[in-house]
Amino acid sequence: MGCTANGVAEALRAVADVISEHRDELVELDRAIGDADHGENMKRGFTAVVSSLDSQVPAEPAAVLKLAATTLISKVGGAAGPLYGTGFLRASAKIGAAEVPDVVAALKAALEGVQARGKAVEQDKTMVDALLPAVAAAEKAAETEGADIAAVLTAAADAAASGAESTVDLVARKGRASYLGERSAGHMDPGARSTALILRALAEAAR
Ligand code: ADP
Ligand code: MG
Ligand code: MG
């Protein structure tokens, strides 16, 4: 079974809660290899998404994701705002009735959008290192007979968590952390961590 616009809106509220809970952690990760604002940027953005949804939940899943995209673009700022905004915008174009194949297509489109916008590839130590394995895992999980949205998103969230862990050893080649060169190694990328948190919240909301 697919997911309604209200279901997508509830999932985004769950994301906002998780991002708020992890605000300080994301700030500390960004303090080590960036400018210590990722947690605040993301909290501000998702708090604004919830405010938008409080005034009105659009009628279709696509419109809910598009509202999230435009809100994130205008409120998050920094590198992550346009990247997450583009990801949610591309996802909205593919979410359709939010059946399992739509969810997989939306995740894939989000990855393509982030990569089109930021030009990061695997192992550049960015959110792509969480999102790329998440998409692969979602595609694989969706092939399993009877897989539902929760199963697909749980596989994506597990892979994103491992992907985020894998950024610890990497040297950043994109974004602010790349200015540190070799000194960026030894710290998890904040954007990879926030991507893993977002996917975990979506998976939990789908259960
Ligand atoms: P800023 O670096 O402008 O302060 P944030 O701290 O909010 O912005 O976001 C930083 C995160 O953005 C990084 O941890 C990384 O995951 C992500 N990022 C930065 N540049 C890129 C890029 N070119 N492609 C993908 N992700 C990127
Ligand atoms: Mg920052
Ligand atoms: Mg900044």
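The values are calculated or read from the model by the stated rules, or taken from the named source; none is laboratory data. A quick note: this is a predicted structure, and the numbers were derived from the prediction, not measured. Backbone-built Cβ (ideal geometry, glycine too); neighbour counts: all protein chains shown.
Might you let me know whether the stretch 189-201 holds any residue that is on the phi > 0 side of the Ramachandran plot, modelled with pLDDT of 95 or more and among the small types (Gly, Ala, Ser)? No: the stretch 189-201 contains no residue that is on the phi > 0 side of the Ramachandran plot, modelled with pLDDT of 95 or more and among the small types (Gly, Ala, Ser). Scanning the stretch 30-47 for residues that are near ligand 1 (Cβ under 9 Å from one of its atoms) and surrounded by fewer than 17 Cβ atoms within 10 Å (Cβ to Cβ), we see that the one that is nearest to Arg193 (Cα to Cα) is Ala36. The residue that is surrounded by the most Cβ atoms within 10 Å (Cβ to Cβ), counting only those in the stretch 3-19 that are away from ligand 1 (no atom under 12 Å from the Cβ) and within 30 Å of Arg173 (Cβ to Cβ), is Val15. Whether any residue in the stretch 17-31 is farther than 23 Å from Thr126 by Cβ and touching a helix residue (DSSP H, G or I) at 6+ places or on another chain (Cβ under 9 Å) is what I want to check. Yes, the conditions are met somewhere in the stretch 17-31.
Only residues that are of a type outside the set (Ser, Thr, Tyr), under 19 Å from Ala203 (Cβ atoms) and within 16 Å of ligand 2 (Cβ to nearest atom) were counted across the stretch 74-110, and they come to 0. Among the residues of the stretch 72-90, which ones are of a type in the set (Val, Ile, Thr), crowded, with 19+ Cβ neighbours inside 10 Å and closer than 19 Å to Gly39 by Cβ? The answer is Val76, and nothing else.
Residue pairs whose Cβ atoms lie under 6 Å apart, sitting 6 or more positions apart in sequence or on different chains, and linking a residue in the stretch 145-173 that is crowded, with 22+ Cβ neighbours inside 10 Å to a partner that is among the charged types (D, E, K, R) and part of a loop (DSSP other than H, G, I, E, B), are Thr167/Lys125; Thr167/Asp189; Ala172/Lys125. Against the list (1) within 16 Å of ligand 3 (Cβ to nearest atom); (2) on the phi > 0 side of the Ramachandran plot; (3) modelled with pLDDT of 95 or more, the condition Tyr84 fails is (2).
Hey, any hits in the stretch 91-105 for a residue that's surrounded by 24 or more Cβ atoms within 10 Å (Cβ to Cβ), hydrophobic (A, V, I, L, M, F, W, C) and within 11 Å of ligand 1 (Cβ to nearest atom)? Scanning the stretch 91-105 turns up no residue that is surrounded by 24 or more Cβ atoms within 10 Å (Cβ to Cβ), hydrophobic (A, V, I, L, M, F, W, C) and within 11 Å of ligand 1 (Cβ to nearest atom).
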